[in-house]
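Please read the structure below before turning to the comments.
The values are calculated or read from the model by the stated rules, or taken from the named source; none is laboratory data. Here the structure is a predicted model, which means the values were calculated and not measured. With ideal geometry, Cβ positions are generated from the backbone for all residues, glycine too; neighbour counts draw on all protein chains shown. When the accessible area is computed, the model is the full protein with side chains, heavy atoms only, and any ligands, DNA or RNA have been set aside. Shrake-Rupley method; radii C 1.70, N 1.55, O 1.52, S 1.80 Å.
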Amino acid sequence: MKPKVLVTRMLPQVALDYVSQHSDAELNRRDIRYTKKQLIQRLQGKVGMICLLTDTIDAEVLGSNPHLKVVSNVAVGYDNIDVHAATKYGVLVTNTPGVLTESTADFAWTLLMATARRLVEADRFVRAGKWKEWMLMGFLGRDVYEKTLGICGLGRIGTAVARRAQGFNMRILYTQRHRDEAKESALRATYVDKMTILRESDFVILLLPLTPETRYYIRAKDLQMMKETAILVNAARGPIVDEKALVDALKAGKIAGAGLDVFEREPKVERGLLRLQNVVLAPHIASASMETRTTMACMAAENCAAGVSGRRPPNPVNPEVLNR
Ligand code: GLV
């Protein structure tokens, strides 16, 4: 008998085919997010689950099924899963690192460029039929080349962002908990503290994982320290930024703009942000290329199939569970 697996949302067909080959899968064909109650109900009798970052897998969900062996997240971030509780219950958590690095870095740059050069605002202007004449002083944005780029979190994606910055001949600053000297010379990046990043960068890109330490990493006092001409890009997780403080800073001209792919209470977006022109807003799509999302889903399917059959999955988050 094949192991029973719950797939909480629809996946690309190739990933579903893999899941069906290796398990007896229950699919969420309506593709609407399960409530917690539904999730707990559907999980009964399953040994594996493939879920998205929109599914909250907390201690109650994890503790509701003693047979559960694997929770396979279709994302590199796993702040939606209580990994501590999973480890306690002996449930292996897996994620999809690596495959989305380049697509996400491309998109972080897309947000940076679109915000710096006011692309979305200009597009709205053209569509509204407001363009009557070429304007010397119209839609003046900010140059990117040879400016200072501040990267908060020089992990895989931060590194890929820094590589792209070489082409723009930028001065690159980075900050994170530990200095990474091995990367510095290849990337021409300088390790500084958070204050220096905020004070000196023309573009601050957030690429930190969401943890209790990074929640509200950017608050009003941090925004105060940034240049009035600076742009903030968040392609990590929404709660890293105090969204209300960001709206106030943007309105008051404390910073020049923001490019945001992630929000504090997705899919809700702070109303103040929607009214501002100097922001570019995207619905958490940084890894959303056809190739990458398909690969992510396939990876999650492989992680799940390995985990439920007692093999070591390629991407365990809490491998200590395997040694019990
Ligand atoms: C997307 O945000 C991910 O964590 O993969």
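What the table shows:
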item: Residue within region 233-245 that is within 15 Å of Leu111 (Cβ to Cβ) and polar (S, T, N, Q) present; result: yes
item: In region 243-278, the residues that are touching a residue at least 60 places away in the same chain (Cβ under 8 Å) and either open to solvent by less than 10 Å² (accessible area, probe 1.4 Å) or under 30 Å from Thr94 (Cβ atoms) (or both); result: Gly257, Ala258, Gly259, Leu260, Asp261, Glu266
item: Single match in Val120, Val126 (criterion: β-branched (Val, Ile, Thr), open to solvent by 20 Å² or more (accessible area, probe 1.4 Å), away from the ligand (no atom under 16 Å from the Cβ) and in contact with a strand residue (DSSP E or B) (Cβ under 6 Å, 6 or more places away or on another chain)); result: Val120
item: Test for Gly138: is it part of a loop (DSSP other than H, G, I, E, B) and open to solvent by less than 100 Å² (accessible area, probe 1.4 Å); result: yes
item: Filter pass, Glu302 being open to solvent by 50 Å² or more (accessible area, probe 1.4 Å), over 30 Å from Val120 (Cα atoms) and either in a loop (DSSP other than H, G, I, E, B) or in contact (Cβ under 8 Å) with a residue 40 or more places away in the chain (or both); result: yes
item: Subset of region 131-156 [of a type in the set (A, V, I, L, M) and in contact with a strand residue (DSSP E or B) (Cβ under 9 Å, 6 or more places away or on another chain)]; result: Val144, Leu149, Ile151, Leu154
item: Residues of region 28-38 classified as touching a Ser or Thr at 6+ places or on another chain (Cβ under 9 Å) and either surrounded by fewer than 19 Cβ atoms within 10 Å (Cβ to Cβ) or under 22 Å from Met299 (Cα atoms) (or both), total; result: 3
item: Flag for Asn278 being more than 25 Å from Leu11 (Cα to Cα) and of a type in the set (S, T, N, Q); result: yes
item: Among the residues listed as Ala235, Ala230, Ala186, the single one being buried (at least 23 other Cβ atoms within 10 Å of the Cβ) and either more than 22 Å from Val279 (Cβ to Cβ) or without any contact (Cβ under 8 Å) to a residue 40 or more places away in the chain (or both); result: Ala230
item: Odd one out for Gln277, checked against (1) within 16 Å of the ligand (Cβ to nearest atom); (2) more than 24 Å from Val47 (Cβ to Cβ); (3) among the polar types (S, T, N, Q); result: (1)
item: Test: residue in region 91-103 that is touching a Leu at 6+ places or on another chain (Cβ under 9 Å) and farther than 16 Å from Pro316 by Cα; result: no
item: Criterion violated by Leu111 - all others in (1) surrounded by 22 or more Cβ atoms within 10 Å (Cβ to Cβ); (2) more than 10 Å from the ligand (Cβ to nearest atom); (3) closer than 22 Å to Ala301 by Cα satisfied; result: (3)
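Let's see how each residue does on (1) open to solvent by less than 20 Å² (accessible area, probe 1.4 Å); (2) farther than 19 Å from Thr214 by Cβ; (3) touching a Leu at 6+ places or on another chain (Cβ under 8 Å):
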{"residue": "Trp134", "(1), (2), (3)": "no, yes, no"}
{"residue": "Asp143", "(1), (2), (3)": "no, yes, no"}
{"residue": "Lys147", "(1), (2), (3)": "no, yes, no"}
{"residue": "Gly158", "(1), (2), (3)": "yes, no, yes"}
{"residue": "Arg177", "(1), (2), (3)": "no, no, no"}
